[in-house]
Amino acid sequence: IRSYKMYCMLFGHADAPDSLKSKLEQEILIFSEKNVNVTFLIGNNGNFDFLAQSTLETLCRKGKNIDYTIVLSRIDEAPLNRRSERTIFPEELSGVLPKYAISKRNEWIIRRSNFAICYVSRIASNSSKMLFKLQRRNVKTINLIP
């Protein structure tokens with residue numbers, strides 16, 4: 001049996017409520033149990049990214065075998081959860097102007113993602129644009145909106 005590496009993008013609004021954490025944890029657990037060879041890809045800006053990073057770290061501390069990577073938009077950026085060993089900075093972002101760094105980083109993650117778990121509650125937002133791009137690529141997505 002050939003092992004297939006899968007990437008699951010986690011993204012949402014920068015002002016995502018803390019109350020999402022338990023639902024996010026539940027979806028991450030369900031997804032990681034169904035897909036053994038998965039790496040979760042997360043950005044590093046805003047409350048949703050903080051919730052995702054802290055949720056994944058908590059699950060790892062509880063002994064869950066979960067792989068995740070924090071994708072930085074700038075080389076000098078510190079991860080929100082302070083776990084720098086989990087970070088990468090894509091080389092192709094090195095020449096990107098700071099104004100465009102987050103959107104270019106998000107595009108980098110989108111190109112690699114096979115699946116996404118998100119929190120998108122507003123249509124006119126960067127998160128909704130990312131969701132639309134994923135849907136155009138036929139990437140299966142779970143939206144955590146209540």
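The values are calculated or read from the model by the stated rules, or taken from the named source; none is laboratory data. Just so we're clear, the structure is a prediction, and the values are computed from it rather than from any experiment. Ideal geometry is used to build each Cβ from the backbone, glycine not excepted, and the neighbour counts take in all protein chains shown. Accessible surface areas use protein heavy atoms only, side chains included; no ligands, DNA or RNA. Shrake-Rupley method; radii C 1.70, N 1.55, O 1.52, S 1.80 Å.
Worth a mention:
- Within the span defined as the range 30-43, every residue fails to be open to solvent by 20 Å² or more (accessible area, probe 1.4 Å), touching a helix residue (DSSP H, G or I) at 6+ places or on another chain (Cβ under 7 Å) and at negative phi.
- Filter pass, residue 20 being touching a residue at least 12 places away in the same chain (Cβ under 8 Å), assigned to a helix (DSSP H, G or I), under 16 Å from the mean Cα position of the chain (by Cα) and over 17 Å from residue 141 (Cβ atoms): no
- Residue within the range 71-81 that is acidic (Asp, Glu), out of contact with any strand residue (DSSP E or B) (no Cβ under 9 Å at 6 or more places or on another chain), outside any helix (DSSP H, G or I) and free of Cβ contacts under 8 Å to residues at least 12 places away in the same chain present: yes
- Leading residue by the ranking (surrounded by the fewest Cβ atoms within 10 Å (Cβ to Cβ)) among those in the range 107-117 that are assigned to a helix (DSSP H, G or I) and out of contact with any Leu (no Cβ under 9 Å at 6 or more places or on another chain): 111
- Selection status of residue 57, more than 16 Å from the chain's Cα centre (by Cα) and at pLDDT 90 or above: no
- Residue list for the range 81-114, restricted to those being within 15 Å of residue 50 (Cβ to Cβ) and within 13 Å of the chain's Cα centre (by Cα): 86, 87, 102
- When the residues of the range 82-101 are filtered to those that are part of a helix (DSSP H, G or I) and among the small types (Gly, Ala, Ser), the one that is surrounded by the most Cβ atoms within 10 Å (Cβ to Cβ) is 101.
- Any hit, the range 48-66, residues being assigned to a strand (DSSP E or B) and in contact with an Asp or Glu (Cβ under 8 Å, 6 or more places away or on another chain): no
- Evaluation of residue 104 against (1) open to solvent by 80 Å² or more (accessible area, probe 1.4 Å); (2) part of a loop (DSSP other than H, G, I, E, B) (one fails), failing number: (2)
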